[in-house]
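J.: The structure is given below, and queries will be raised subsequently.
The values are calculated or read from the model by the stated rules, or taken from the named source; none is laboratory data. Here the structure is a predicted model, which means the values were calculated and not measured. For neighbour counting, all protein chains shown are included, and Cβ atoms are generated from backbone atoms with ideal geometry for every residue, glycine included. Calculation scope for accessible area: heavy atoms of the full protein, side chains included, ligands and nucleic acids excluded. Shrake-Rupley method; radii C 1.70, N 1.55, O 1.52, S 1.80 Å.
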Amino acid sequence: MLTLTSSRQTWAHDWPAGVKLGLLVLFTLILFALPGVTLTALGLALPLALATALGLVGDWLRLLRPLLWVGAVILAWHGFRGTPEPGVIAVLRMVAALGAANLVTMTTRLSDMQAVFLWLARPLSPLVPPARLALAMALMIRFLPVLSLRAEQLSQAWAARSRRRIGWALVFAVTLAALDDAEHVAEALRARGGVG
Amino acid sequence: MERSLARIALFAALIAALGFVPKIDMGFGVPITAQTLGVMLCGTVLGARSGALAVLLFMALALLGLPILAGGRNGFAALASPSVGFFLGFPVAAFVTGWLMTWSKQVSTVATFNAAVFGGIVTLYLFGIPGIAAKAGLSLTEAFWSAMVFVPGDVIKAAVAALVTTALARARPGLVAGAKEPASAQF
Amino acid sequence: MESGIHLQDVSLTLQGKPVLAGITLHLTEPRIGLIGRNGSGKTSLLRLIAGLVAPTSGSLRVEGARPSDRKAMLGALGILFQNPDHQILFPTVIEELAFGLIQQGIPKPQALTRARAALAAEGRAHWENAPTHSLSQGQRQYLCLLSVLLMQPRWLLLDEPFAALDLPTQARLRRRLDALPQRLVTISHAPEAVQACQRVLWLEEGRLRADGAPDQVLPEFGAEMARRGAVDADTDL
């Protein structure tokens, strides 16, 4: 399924999701308060050490790749301005914060995350009933692969008949599919008792 | 009730699905994808309230760790990167877009384009630019100019949103909220 | 309590177009077939009986319950849509199975236990956490059937249950359906699929064209379809 959770079980998988998320928030707050390059670099060393200890360092590094370009651009920009230090700090913080967050993601099942989220959303329950929020989340997870597959099939259908790049017609077709699917889903919900 | 819930969930999935369409990365960590197009469409098609709720649901799932943001990132990656402001501004952008749709009596291409530009670009950048400044260690002015790189792409997206929305209003009359968001729009 | 499904002079108009007109029926037979061409209103009639669309005029009772009484309707009948992707609402098999039970007021832990037991009884315990979108077409249809059966309805409405299945899967599903204690209303455009029913309804342009035993209705239906096929079938579009 679509998730970043590591399929390899580690000891961190057994920790309660709420504790891990709490520690993550604490870590991030401290990280952004640390002055200077050296201390911030130490902040990055912590998630790196944890990833290594968990035996997940390969996947962990792979998940940081999206930041490569951003980091390079920020460093280049600050180098060009002659202010390398704030640039290095910005990049280190970014990598450390994401690295720590990814560790939580990699060691926590989606359903556990969802439970924490629903717990956090409880104060909102007069506005957003938890059961309905849980249902909306489940529906979205269910239809994400459906709509992605539809987009892919439609782009293949496009490529089969055209040499030009896919235009706005694809967006139209996928959006129409979402609208129509919503009608079917509403009906299927009603057929089984509605959202109550 | 079931219908508005289903529409919110399906459009949250749509934003994610549009994010998987091939992208062009132009630096500063804010890749150009169809994802913001999805945010605009939530506003123009579902209306202000449902549109914003769809975007919030999408963000919630991204923050649970699903890699559904452009470039296969999750919510934490968005919070850690210079695009944080754009991420946090998504629901407001959808809401403003949907609200601006109510200014015109029917769904027209021009009115929808305007709503998408003011909601999906002007409003969104109000959130996005301070984010770039904070995360990349730039001044607001520098952040403003660096963000301008994305404006042409976003104007094209607003135009696509307008074309798609008017075509949908023709294909499925009654399903596009546009000017008249259904009174039953609640979560 | 009144038994069976009663329709009294039911008509349905969708977006200004008449879809069903003047249908009066009393359904009590264990196996009922509903046949007709594409667009004859079969699916609309099924959705109407299930209470998913309200009739424009006329009245409907299912086992004495009005369609607006959703709780009674849920216990009275279940519907299987033609396309399982229009029916499956949840990312995992277990959630999909438990949902209907939870909707019927059963607490979640018990609903999950019953769903697990049902899977185990079918020899599909390993499906529990499988993502629903990874199942094959036949498996998804089967999951839809299990989800509906868990709610223990007295009637089951089936819209073209065999349409997208390969032959072995069709045979398995048929055996399974034949063994069900529920009363079944099955839509098909293929006469052989409803041969074993006690009663066959033939719908034509939203009206009841024939209603009776398969031996009476099906030969006439077959002859009419052959006659239409001989002329250009699309000119009446």
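J.: Determine whether the range A:139-152 contains at least one residue that is part of a helix (DSSP H, G or I), open to solvent by 20 Å² or more (accessible area, probe 1.4 Å), without any contact (Cβ under 8 Å) to a residue 12 or more places away in the chain and of a type outside the set (D, E, K, R).
T.: Taking every residue of the range A:139-152 in turn, at least one turns out to be part of a helix (DSSP H, G or I), open to solvent by 20 Å² or more (accessible area, probe 1.4 Å), without any contact (Cβ under 8 Å) to a residue 12 or more places away in the chain and of a type outside the set (D, E, K, R).
J.: OK, next. What single numbered condition from (1) at pLDDT below 90; (2) within 29 Å of C:R209 (Cβ to Cβ) fails to hold for C:D85?
T.: (2)
J.: Go through the residues of the range B:53-62 one by one and say whether even a single one is of a type in the set (V, I, T) and within 14 Å of another protein chain (Cβ to nearest Cβ).
T.: Taking every residue of the range B:53-62 in turn, at least one turns out to be of a type in the set (V, I, T) and within 14 Å of another protein chain (Cβ to nearest Cβ).
J.: Sticking with this one: If B:V117 satisfies all but one of (1) within 15 Å of A:F172 (Cα to Cα); (2) modelled with pLDDT of 90 or more; (3) open to solvent by 20 Å² or more (accessible area, probe 1.4 Å), what's the number of the condition it fails?
T.: Exception for B:V117: condition (1).
J.: Let me ask another. Please verify whether A:R65 is charged (D, E, K, R), under 22 Å from B:L69 (Cβ atoms) and either in contact (Cβ under 8 Å) with a residue 60 or more places away in the chain or not assigned by TED's automatic domain parsing to the domain that holds A:A138 (or both), treating the condition exactly as stated.
T.: For A:R65, the condition - charged (D, E, K, R), under 22 Å from B:L69 (Cβ atoms) and either in contact (Cβ under 8 Å) with a residue 60 or more places away in the chain or not assigned by TED's automatic domain parsing to the domain that holds A:A138 (or both) - is met.
J.: Within the range C:139-156, is there a residue that is among the small types (G, A, S), at pLDDT 90 or above and farther than 18 Å from C:G41 by Cα?
T.: There is at least one residue in the range C:139-156 that is among the small types (G, A, S), at pLDDT 90 or above and farther than 18 Å from C:G41 by Cα.
J.: Among (1) in contact (Cβ under 8 Å) with a residue 60 or more places away in the chain; (2) more than 8 Å from chain B (Cβ to nearest Cβ), there is one condition A:A177 misses while meeting the rest; what is its number?
T.: (1)
J.: Of all residues in the range C:66-82 being without any contact (Cβ under 8 Å) to a residue 60 or more places away in the chain and open to solvent by 10 Å² or more (accessible area, probe 1.4 Å), which is nearest to the other protein chains (Cβ to nearest Cβ)?
T.: For the range C:66-82, the residue satisfying everything is C:R70.
J.: In addition: For the subset of the range C:35-49 comprising residues that are touching an Asp or Glu at 6+ places or on another chain (Cβ under 9 Å) and buried (at least 17 other Cβ atoms within 10 Å of the Cβ), which member is nearest to the other protein chains (Cβ to nearest Cβ)?
T.: C:R47
J.: Could you pull out the residue among B:V107, B:V122, B:V92 that is over 30 Å from A:L44 (Cβ atoms) and under 11 Å from the mean Cα position of the chain (by Cα)?
T.: Being over 30 Å from A:L44 (Cβ atoms) and under 11 Å from the mean Cα position of the chain (by Cα) holds for just one of B:V107, B:V122, B:V92, which is B:V92.
To keep it simple, each residue is scored yes or no on (1) modelled with pLDDT under 85; (2) away from chain A (no Cβ under 12 Å).
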{"site": "B:T102", "(1), (2)": "no, yes"}
{"site": "B:K105", "(1), (2)": "yes, yes"}
{"site": "B:I129", "(1), (2)": "no, yes"}
{"site": "B:T165", "(1), (2)": "no, no"}
{"site": "B:A177", "(1), (2)": "yes, no"}
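J.: On to the next question. Could you list, ordered by first residue, the pairs with Cβ atoms under 7 Å in which the first is in the range A:98-123 and facing chain B (nearest Cβ under 10 Å) and the second is β-branched (V, I, T) and assigned to a helix (DSSP H, G or I), at least 6 apart or interchain?
T.: Once the first residue is facing chain B (nearest Cβ under 10 Å) and sits in the range A:98-123, its partners that are β-branched (V, I, T) and assigned to a helix (DSSP H, G or I) give A:A100/A:T28.
J.: For the condition more than 30 Å from A:L67 (Cβ to Cβ), free of Cβ contacts under 8 Å to residues at least 24 places away in the same chain and out of contact with any Ser or Thr (no Cβ under 6 Å at 6 or more places or on another chain), what is the one hit in B:F144, B:F113, B:F118?
T.: One residue alone meets the criteria, B:F118.
J.: Give the residues of the range C:102-115 that are part of a helix (DSSP H, G or I) and surrounded by 16 or more Cβ atoms within 10 Å (Cβ to Cβ), sorted by residue number.
T.: Residues satisfying the conditions are C:I102, C:Q103, C:A111, C:L112, C:A115.
J.: Here's something else I'd like to know. Out of curiosity, is C:H86 out of contact with any Lys or Arg (no Cβ under 9 Å at 6 or more places or on another chain), under 22 Å from A:S111 (Cβ atoms) and either more than 14 Å from chain A (Cβ to nearest Cβ) or surrounded by fewer than 20 Cβ atoms within 10 Å (Cβ to Cβ) (or both)?
T.: Against the criterion (out of contact with any Lys or Arg (no Cβ under 9 Å at 6 or more places or on another chain), under 22 Å from A:S111 (Cβ atoms) and either more than 14 Å from chain A (Cβ to nearest Cβ) or surrounded by fewer than 20 Cβ atoms within 10 Å (Cβ to Cβ) (or both)), C:H86 does not qualify.
J.: A further question on this structure: Which of (1) of a type in the set (D, E, K, R); (2) more than 23 Å from the chain's Cα centre (by Cα); (3) open to solvent by less than 50 Å² (accessible area, probe 1.4 Å); (4) within 12 Å of chain A (Cβ to nearest Cβ) does C:E128 not meet, given it meets every other one?
T.: Here C:E128 meets the rest and fails (4).
J.: Take the residues in the range C:89-101 that are at the interface with chain A (Cβ under 9 Å from one of its Cβ atoms) and either in a helix (DSSP H, G or I) or under 18 Å from the mean Cα position of the chain (by Cα) (or both); name whichever of them is farthest from C:G22 (Cα to Cα).
T.: C:E95
J.: Let me ask you something else. Being out of contact with any Gly (no Cβ under 9 Å at 6 or more places or on another chain) and either within 10 Å of another protein chain (Cβ to nearest Cβ) or more than 30 Å from A:F143 (Cβ to Cβ) (or both) narrows it down to one of A:G71, A:G36, A:G79, A:G87, so name that one.
T.: Sole residue among the options that is out of contact with any Gly (no Cβ under 9 Å at 6 or more places or on another chain) and either within 10 Å of another protein chain (Cβ to nearest Cβ) or more than 30 Å from A:F143 (Cβ to Cβ) (or both): A:G36.
J.: So A:A136 fits all but one of (1) open to solvent by 30 Å² or more (accessible area, probe 1.4 Å); (2) at the interface with another protein chain (Cβ under 7 Å from one of its Cβ atoms); what number is the exception?
T.: (1)
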